[in-house]
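To start, the structure under review is shown below, and the notes come after it.
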Amino acid sequence: MDARETALRQAYGHAVRWLASLPDRRVPARASVEEIVRALGVELPDGPSTPAEVVDLLATACEPGLTAFPSGRFYGFVVGGTEPAALAADWLVSAWDQNCVMRAVSPAYTAAEDIAGAWLLNLLGLPSDSAVGFTTGATMANFTCLAAGRDEVLRRTGWNVARDGLTGGPAVRVIVGEDRHMAIDLALRYLGLGKPELVKADDQGRIETEALRHTLAADWQSPTIVILQAGDIHSGAFDPFVETIRAAREADAWVHIDGAFGLWAAASPVYAHLTAGCADADSWATDAHKTLNVPYDCGLAIVRDPFAVRAAMGLQGDYLIQDEHGDPVDKVPELSRRGRAFTVWAALRSLGRSGAADLVERLCRHASAFAAGIAGIDGATVLNEVVFTQVCAEFGNDERTEQVLTGLLDDGTAWISGSTWHGRRVMRISVSNWSTTDDDVTRALDAIRRASIA
């Protein structure tokens with residue numbers, strides 16, 4: 001057995017033990033950064049170590065400092081787990097070590113990307129000839145789509161961004177609901193578009209259509225991008241796409257939808273109504289690591305007009321072997337990147353259409369169970385309409401809510417983090433992991449009850 005095979009077998013053993021520990025292990029990490037630094041060692045060795053020794057040290061030193069993100073009892077942020085087929089495919093991605101840039105260089109990767117992209121469009125009910133790019137995450141997916149939108153609305157005025165840049169060109173209006181996700185602001189900053197214009201949203205975070213119309217009417221002449229959302233980060237609410245997209249179309253605006261986790265509602269016949277009208281937009285961003293549960297990292301940038309995204313992201317180089325049909329690199333910002341489409345293909349092939357629907361419905365069912373359980377706790381109030389996978393609750397006042405959050409993390413049974421929503425400190429539960437069971441929800445609710453009476 002050579003050194004590489006020995007190291008791989010070591011890694012496999014550690015990975016299997018880690019995954020086997022998830023049903024019963026404490027969810028928060030047990031060790032601090034400083035403790036892990038000491039265990040790993042701060043001095044670079046003078047001589048080499050065997051690959052197997054390195055893998056063993058890394059795994060044993062880091063294990064106490066790992067948060068059980070893949071656990072069925074992790075409900076912080078919006079973090080999915082990893083479907084078994086996608087996890088195994090990701091191991092192959094590392095072993096294959098493909099350059100996923102050009103069709104001619106890796107036909108296997110390009111085939112997987114073409115198929116996975118077509119499946120995604122079909123599953124989500126989006127235009128079948130749209131371009132699908134595989135990015136690092138939802139932030140870069142939003143960036144990619146908004147770059148295409150920025151360039152296109154400026155092109156309509158006669159301004160060529162690729163040739164002339166932004167300096168001296170018409171200002172681009174970007175209009176968003178006031179409850180948009182912060183990643184939108186970050187993407188706009190990357191694009192040189194500055195802060196967006198905010199439109200009033202209702203108490204669930206849904207942009208108000210009449211307020212959008214009023215904002216659009218204030219300036220019909222400027223090139224405009226309207227950003228909507230499928231899944232508010234606190235309430236899970238969806239913007240009213242039919243009415244808002246119609247209003248944006250009347251103003252000749254580019255419409256983009258940030259659907260980091262909520263776009264997947266379209267995969268379920270039970271929840272597809274939440275995305276009604278969504279397919280009439282110009283671009284969509286989502287994150288396959290969230291609801292679809294593929295490994296980090298994997299954002300999806302979907303643009304109705306393939307030529308628009310290719311104009312924004314495509315590149316030319318004398319040393320590149322370019323294909324007349326376009327290459328994977330034409331749809332994303334990065335040249336060097338992992339074979340993300342392999343894992344998306346594996347997850348979709350494993351789930352099938354019915355499995356994808358069941359995954360979405362199961363996550364939503366667990367969220368509803370959380371809401372019902374919390375509503376039965378003395379002093380607790382569920383603050384949002386639970387329409388998808390997000391639950392927000394408070395426990396009387398900000399101080400008490402913070403005490404419950406602290407006690408819950410100290411308990412370690414589940415990871416549920418806090419946030420501030422509409423000026424209130426809240427417990428925010430995001431159900432995103434394929435492996436969450438009814439028992440996981442029951443155990444987490446028991447932990448919340450213990451923390452609420454401590």
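For this structure, a couple of remarks:
- Rg/Rh for segment 388-454, where both radii come from Cα atoms and Rh is the Kirkwood radius: 0.96
- Ellipsoid fit via the Cα gyration tensor, the chain: semi-axes of 36, 32, 20 Å, each the root of five times an eigenvalue, largest first.
- Here segment 342-396 and segment 12-72 have alpha carbon centers that stand 30 Å from each other.
- Loop-resident GluC sites (Glu not before Pro) (DSSP state other than H, G, I, E or B) in segment 383-454 with no more than 16 further Cβ atoms inside 10 Å of their Cβ: GLU385.
- For segment 208-287 versus segment 103-163, the spacing of their alpha-carbon centroids is 18 Å.
- For segment 165-224, the Cα gyration tensor yields ellipsoid semi-axes of 22, 16, 5 Å (square root of five times each eigenvalue, largest first, whole Å).
- With every protein chain in place, segment 367-430: carbon and sulfur % of accessible area (1.4 Å): 46
- Surrounding net charge for ALA89, when Lys and Arg each add one and Asp and Glu each subtract one, Cβ distance under 15 Å: -2
- Seen from all directions on average, segment 238-293 presents a Cα convex hull projection of 3.6 nm².
- Of the three principal axes defined by the Cα atoms of segment 332-418, the extents in descending order read 49, 32, 24 Å.
- For segment 193-313, the alpha carbon convex hull comes to 130 Å³ per residue, rounded to a whole number.
- Where GluC sites (Glu not before Pro) fall in DSSP loop in segment 1-103, at most 16 other Cβ within 10 Å: GLU43
- Equivalent ellipsoid semi-axes - Cα gyration tensor, segment 1-157, angstrom: 37, 22, 18
- Sites listed here are chymotrypsin sites (Phe, Trp or Tyr not before Pro) in segment 140-222 whose DSSP assignment is loop and whose Cβ has at most 13 other Cβ atoms within 10 Å: TRP220.
- Ranking THR157, ALA138, ALA3 by Cα position along the charge dipole of the chain, where only Lys, Arg, Asp and Glu carry charges on their C-beta atoms, puts ALA138 farthest toward the positive end.
- With all pairs of separate Cα atoms included, segment 1-80 yields a Kirkwood hydrodynamic radius of 14.2 Å.
- Each distinct pair of alpha carbons in segment 48-96 adds a 1/r term; the inverse of their mean, the Kirkwood radius, is 13.3 Å.
- Considering helices alone, the calculated mean residue ellipticity of the chain at 222 nm is -13500 deg cm²/dmol, with DSSP H runs of length four and up weighted by -39500 (n - 2.57) and normalised per residue.
- Residue-count net charge about ALA61 - beta-carbon cut-off 15 Å; Lys, Arg +1, Asp, Glu -1: -3
- Kyte-Doolittle mean at least -0.5 and Cα axial length at least 24 Å: DSSP H helices in the chain: 3-21, 107-124, 138-155, 340-375
- Net charge over other residues, Cβ less than 10 angstrom from the Cβ of ARG400 (K, R count +1; D, E count -1): -3
- The average projected area of segment 302-451, computed from the convex hull of its Cα atoms over all directions, is 13.0 nm².
The values are calculated or read from the model by the stated rules, or taken from the named source; none is laboratory data. As the structure is a computational prediction, the values presented were derived from the model and not from experiment. Don't worry about glycine lacking a Cβ; one is built from the backbone with ideal geometry, like all the others, and counts go over all protein chains shown. These area figures cover heavy atoms from the full protein model, side chains too; ligands, DNA and RNA do not enter into them. Shrake-Rupley method; radii C 1.70, N 1.55, O 1.52, S 1.80 Å.
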